[in-house]
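A.B. asks: My questions all concern the structure below.
All of the numbers you see were taken from the coordinates with simple rules; none came from a lab. Fair warning: this is a prediction, and the values are worked out from it, not measured in the lab. Using ideal geometry, Cβ is built from the backbone for each residue, glycine included, and neighbour counts are taken over all protein chains shown.
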Amino acid sequence: MLFTELIPLVKELSHTDKLLLIHFLAAELLKESSLVSLDAEDKVASLGLYDSFEAAAVLAKALAEEKAATHG
């Protein structure tokens, strides 16, 4: 698949999936550069924004602020 064929597909991804794609690409580049061991690959695949308690707290705060601003 050509890079130009990937662009429209990447544009359709959600914000979260785009961040996960960036993380995946960075890990692949590091691995190809021998900067990350091959056994770290499983750890990289298991990391995700869905498991981040800090991200959940930030999102909850942002939603609360938006609700307060919208509904007074």
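A.B. asks: Could you sort the peptides 6-17, 22-33 by per-residue average Cβ neighbour count (10 Å cutoff), highest mean leading? Working shown, then result.
C.D. replies: Values: 6-17: 9.7, 22-33: 12.3.
Listed from highest to lowest mean packing, they are 22-33, 6-17.
A.B. asks: Between LEU59 and LEU9, what FRET efficiency follows from the Cβ-Cβ distance if R0 is 22 Å, with the result rounded to 0.05?
C.D. replies: The pair LEU59/LEU9 has a calculated efficiency of 0.25.
A.B. asks: Here's another thing I want to ask about it. For THR70 paired with LEU20, estimate the spin-label separation in nm (one decimal), with each label point 7 Å from Cα along the Cα-to-Cβ line.
C.D. replies: Rounded to a tenth, the inter-label distance reads 2.5 nm.
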